[in-house]
Amino acid sequence: MADDRFPGWHGTTILAVRRGGKVVVAGDGQVSVGQTVMKGTARKVRRLSPGGRDVVVGFAGSTADAFTLLERLEKKLESAPGQLQRACVDLAKDWRMDKYLRNLEAMLIVTDGRELYVVTGAGDVLEPEHDVAAIGSGGNFALAAARGLLETELDAEGVARKAMAIAADICVYTNGNLTVEVVES
(Lines give C-alpha, C1' and ligand atoms only; values in the text may rest on other atoms or scores of the structure.)
Protein backbone atom coordinates (compact mmCIF):
# COMPACT_ATOMS: atom_id res chain seq x y z
CA MET A 1 0.00 0.00 0.00
CA ALA A 2 1.31 3.42 -0.81
CA ASP A 3 0.22 6.94 -0.07
CA ASP A 4 1.45 10.48 -0.71
CA ARG A 5 3.36 10.71 2.58
CA PHE A 6 5.17 7.42 2.08
CA PRO A 7 5.51 6.90 -1.68
CA GLY A 8 6.74 3.50 -2.75
CA TRP A 9 5.85 1.65 0.46
CA HIS A 10 4.49 -1.76 -0.37
CA GLY A 11 2.98 -4.26 1.97
CA THR A 12 2.35 -7.86 2.06
CA THR A 13 0.45 -10.88 0.91
CA ILE A 14 -2.16 -12.48 3.16
CA LEU A 15 -4.07 -15.59 2.09
CA ALA A 16 -6.85 -17.55 3.80
CA VAL A 17 -7.96 -21.01 2.66
CA ARG A 18 -10.96 -22.91 4.07
CA ARG A 19 -10.96 -26.66 3.50
CA GLY A 20 -11.67 -29.83 5.43
CA GLY A 21 -13.04 -28.13 8.55
CA LYS A 22 -10.04 -25.80 8.89
CA VAL A 23 -9.16 -22.28 7.88
CA VAL A 24 -5.49 -21.50 7.33
CA VAL A 25 -4.30 -17.90 7.24
CA ALA A 26 -0.80 -17.36 5.84
CA GLY A 27 1.12 -14.12 5.53
CA ASP A 28 4.55 -13.36 4.16
CA GLY A 29 7.12 -11.30 6.01
CA GLN A 30 8.20 -8.70 3.48
CA VAL A 31 7.93 -4.94 3.82
CA SER A 32 9.41 -2.99 0.90
CA VAL A 33 10.16 0.66 0.20
CA GLY A 34 10.49 1.12 -3.52
CA GLN A 35 13.01 -1.46 -4.69
CA THR A 36 14.42 -2.05 -1.21
CA VAL A 37 13.32 -4.76 1.21
CA MET A 38 13.11 -2.98 4.58
CA LYS A 39 12.21 -6.11 6.53
CA GLY A 40 11.77 -9.72 5.56
CA THR A 41 10.42 -11.12 8.83
CA ALA A 42 7.37 -9.01 9.63
CA ARG A 43 4.54 -10.93 11.33
CA LYS A 44 1.22 -9.91 9.80
CA VAL A 45 -0.97 -12.77 10.96
CA ARG A 46 -2.17 -12.68 14.57
CA ARG A 47 -4.27 -14.88 16.81
CA LEU A 48 -6.77 -13.09 19.05
CA SER A 49 -8.60 -14.87 21.87
CA PRO A 50 -11.36 -12.55 23.09
CA GLY A 51 -13.46 -14.40 25.62
CA GLY A 52 -11.37 -17.55 25.08
CA ARG A 53 -12.51 -17.95 21.46
CA ASP A 54 -9.79 -18.12 18.82
CA VAL A 55 -9.96 -15.64 15.97
CA VAL A 56 -7.15 -15.27 13.43
CA VAL A 57 -6.56 -11.98 11.66
CA GLY A 58 -4.20 -11.21 8.79
CA PHE A 59 -3.56 -7.64 7.78
CA ALA A 60 -2.10 -5.70 4.88
CA GLY A 61 -1.28 -2.01 4.92
CA SER A 62 0.00 0.23 7.65
CA THR A 63 1.00 -1.77 10.72
CA ALA A 64 0.01 0.92 13.21
CA ASP A 65 -3.35 1.30 11.47
CA ALA A 66 -3.87 -2.46 11.46
CA PHE A 67 -3.07 -2.74 15.18
CA THR A 68 -5.61 0.00 15.89
CA LEU A 69 -8.20 -2.00 13.96
CA LEU A 70 -7.21 -5.25 15.72
CA GLU A 71 -7.78 -3.59 19.10
CA ARG A 72 -11.18 -2.33 17.95
CA LEU A 73 -12.10 -5.75 16.56
CA GLU A 74 -11.12 -7.43 19.82
CA LYS A 75 -13.39 -5.05 21.76
CA LYS A 76 -16.24 -5.76 19.33
CA LEU A 77 -15.72 -9.51 19.80
CA GLU A 78 -15.69 -9.14 23.59
CA SER A 79 -19.02 -7.31 23.48
CA ALA A 80 -20.54 -9.86 21.07
CA PRO A 81 -18.90 -13.21 21.95
CA GLY A 82 -19.12 -15.83 19.22
CA GLN A 83 -20.64 -13.39 16.72
CA LEU A 84 -17.82 -12.77 14.27
CA GLN A 85 -20.03 -11.39 11.51
CA ARG A 86 -21.62 -8.86 13.84
CA ALA A 87 -18.22 -7.78 15.18
CA CYS A 88 -16.83 -7.36 11.65
CA VAL A 89 -19.85 -5.39 10.45
CA ASP A 90 -19.69 -3.13 13.53
CA LEU A 91 -15.97 -2.57 12.94
CA ALA A 92 -16.57 -1.75 9.25
CA LYS A 93 -19.31 0.73 10.22
CA ASP A 94 -17.05 2.47 12.72
CA TRP A 95 -14.14 2.41 10.28
CA ARG A 96 -16.19 4.12 7.59
CA MET A 97 -18.04 6.61 9.79
CA ASP A 98 -15.48 7.70 12.41
CA LYS A 99 -13.34 10.73 11.41
CA TYR A 100 -10.18 9.22 12.89
CA LEU A 101 -10.72 5.62 11.78
CA ARG A 102 -11.68 6.52 8.21
CA ASN A 103 -8.08 7.61 7.57
CA LEU A 104 -6.64 4.22 8.51
CA GLU A 105 -5.01 2.40 5.62
CA ALA A 106 -5.20 -1.34 6.05
CA MET A 107 -7.30 -4.37 5.10
CA LEU A 108 -8.10 -7.39 7.24
CA ILE A 109 -8.88 -11.05 6.72
CA VAL A 110 -10.72 -12.38 9.77
CA THR A 111 -11.77 -15.94 10.63
CA ASP A 112 -12.93 -18.01 13.58
CA GLY A 113 -12.71 -21.28 11.63
CA ARG A 114 -16.38 -21.23 10.70
CA GLU A 115 -16.75 -17.80 9.15
CA LEU A 116 -14.24 -16.03 6.91
CA TYR A 117 -14.34 -12.32 5.99
CA VAL A 118 -12.37 -9.60 4.26
CA VAL A 119 -12.96 -6.28 6.04
CA THR A 120 -12.10 -2.93 4.43
CA GLY A 121 -12.25 0.74 5.32
CA ALA A 122 -14.78 1.27 2.53
CA GLY A 123 -17.33 -0.48 4.76
CA ASP A 124 -17.03 -3.87 3.08
CA VAL A 125 -17.40 -7.14 4.94
CA LEU A 126 -16.94 -9.71 2.20
CA GLU A 127 -17.34 -13.46 2.48
CA PRO A 128 -15.33 -15.22 -0.23
CA GLU A 129 -17.25 -17.30 -2.77
CA HIS A 130 -14.68 -20.04 -3.27
CA ASP A 131 -13.36 -20.55 0.29
CA VAL A 132 -10.26 -18.49 -0.53
CA ALA A 133 -9.54 -14.84 0.30
CA ALA A 134 -6.41 -12.77 -0.28
CA ILE A 135 -5.28 -9.20 0.28
CA GLY A 136 -2.13 -7.17 -0.16
CA SER A 137 0.39 -6.53 -2.91
CA GLY A 138 0.64 -10.16 -3.96
CA GLY A 139 -2.93 -11.05 -3.01
CA ASN A 140 -4.20 -11.64 -6.55
CA PHE A 141 -1.28 -13.97 -7.34
CA ALA A 142 -1.89 -15.98 -4.16
CA LEU A 143 -5.66 -16.03 -4.75
CA ALA A 144 -5.32 -17.35 -8.30
CA ALA A 145 -2.80 -19.99 -7.24
CA ALA A 146 -4.93 -21.14 -4.30
CA ARG A 147 -8.09 -21.42 -6.39
CA GLY A 148 -6.22 -23.61 -8.87
CA LEU A 149 -4.72 -25.71 -6.08
CA LEU A 150 -8.18 -26.41 -4.64
CA GLU A 151 -8.50 -28.86 -7.56
CA THR A 152 -5.74 -30.98 -5.96
CA GLU A 153 -5.79 -33.28 -2.94
CA LEU A 154 -3.76 -30.85 -0.79
CA ASP A 155 -5.22 -29.94 2.59
CA ALA A 156 -5.89 -26.29 3.52
CA GLU A 157 -2.39 -25.71 4.85
CA GLY A 158 -0.80 -27.36 1.82
CA VAL A 159 -2.85 -25.17 -0.53
CA ALA A 160 -1.96 -22.02 1.43
CA ARG A 161 1.76 -22.78 1.60
CA LYS A 162 2.03 -23.72 -2.09
CA ALA A 163 -0.03 -20.72 -3.22
CA MET A 164 2.11 -18.37 -1.14
CA ALA A 165 5.26 -19.91 -2.65
CA ILE A 166 3.85 -19.28 -6.13
CA ALA A 167 2.99 -15.68 -5.21
CA ALA A 168 6.51 -15.16 -3.81
CA ASP A 169 7.99 -16.41 -7.10
CA ILE A 170 5.93 -13.87 -9.08
CA CYS A 171 5.43 -10.80 -6.87
CA VAL A 172 8.51 -8.77 -5.90
CA TYR A 173 6.65 -7.51 -2.80
CA THR A 174 6.11 -11.03 -1.42
CA ASN A 175 8.66 -13.36 0.18
CA GLY A 176 8.63 -16.96 1.38
CA ASN A 177 9.02 -16.17 5.09
CA LEU A 178 5.55 -17.25 6.23
CA THR A 179 3.52 -16.92 9.37
CA VAL A 180 0.78 -19.56 9.30
CA GLU A 181 -2.12 -19.90 11.72
CA VAL A 182 -4.74 -22.67 11.62
CA VAL A 183 -8.24 -22.48 13.10
CA GLU A 184 -10.60 -25.45 13.16
CA SER A 185 -14.37 -25.06 12.84
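Structure data summary
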{"item": "Among I14, I166, I109, residue whose mean-square fluctuation peaks in a GNM of the chain (springs only between Cα atoms under 10 Å)", "result": "I166"}
{"item": "E74 accessible area, 1.4 Å probe, all protein chains in place, Å² to nearest 10", "result": "60 Å²"}
{"item": "Per-residue HN-Hα couplings for the range 20-34 [Karplus 6.51, -1.76, 1.60; θ = phi - 60°; Hz; x = Gly/Pro]", "result": "x, x, 10, 10, 10, 10, 10, x, 7, x, 8, 10, 10, 10, x"}
{"item": "Euclidean distance of C-alpha centroids, the range 116-162 and the range 70-103, integer Å", "result": "22 Å"}
{"item": "Largest-first ordering by accessible area, 1.4 Å probe, given options M97, M38", "result": "M97, M38"}
{"item": "Label point distance in nm, M97-D54, each placed 7 Å from Cα along Cα→Cβ", "result": "3.4 nm"}
{"item": "Sorted largest first, extent of the range 26-71 alpha carbons per principal axis (Å)", "result": "42, 19, 10"}
{"item": "Residue-averaged 222 nm ellipticity for the chain, from DSSP H runs of 4+ at -39500 (n - 2.57), nearest 500", "result": "-10000 deg cm²/dmol"}
{"item": "Length released on extending from N177 to E127, taking residue separation times 0.36 nm less the Cα-Cα span", "result": "15.3 nm"}
{"item": "Linear extension gain, Q85 paired with K39, 0.36 nm per residue minus alpha-carbon span", "result": "13.3 nm"}
{"item": "HN-Hα J in Hz across the range 66-80 - Karplus 6.51, -1.76, 1.60, θ = phi - 60°, x for Gly and Pro", "result": "5, 5, 4, 5, 4, 4, 5, 4, 4, 5, 5, 5, 5, 7, 9"}
{"item": "Karplus-derived 3J(HN,Hα), 6.51/-1.76/1.60, for each residue of the range 164-173, Hz, glycine and proline x", "result": "5, 5, 5, 4, 5, 6, 9, 8, 6, 9"}
{"item": "log10 of Debye I(q)/I(0), alpha-carbon scatterers only, for the chain at 0.11, 0.14 Å⁻¹", "result": "-0.43, -0.70"}
{"item": "Size of electric dipole in the chain: Cβ of Lys, Arg +1 and of Asp, Glu -1, about Cα centre, debye, nearest 20", "result": "320 debye"}
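The values are calculated or read from the model by the stated rules, or taken from the named source; none is laboratory data. In this text, all values refer to a predicted model and were calculated from it rather than measured experimentally. When we count neighbours, we look across all protein chains shown, and the Cβ atoms used for this are built from the backbone with ideal geometry, even at glycine. Keep in mind that these areas ignore ligands, DNA and RNA; they rest on the heavy atoms of the full protein, side chains included. Shrake-Rupley method; radii C 1.70, N 1.55, O 1.52, S 1.80 Å.
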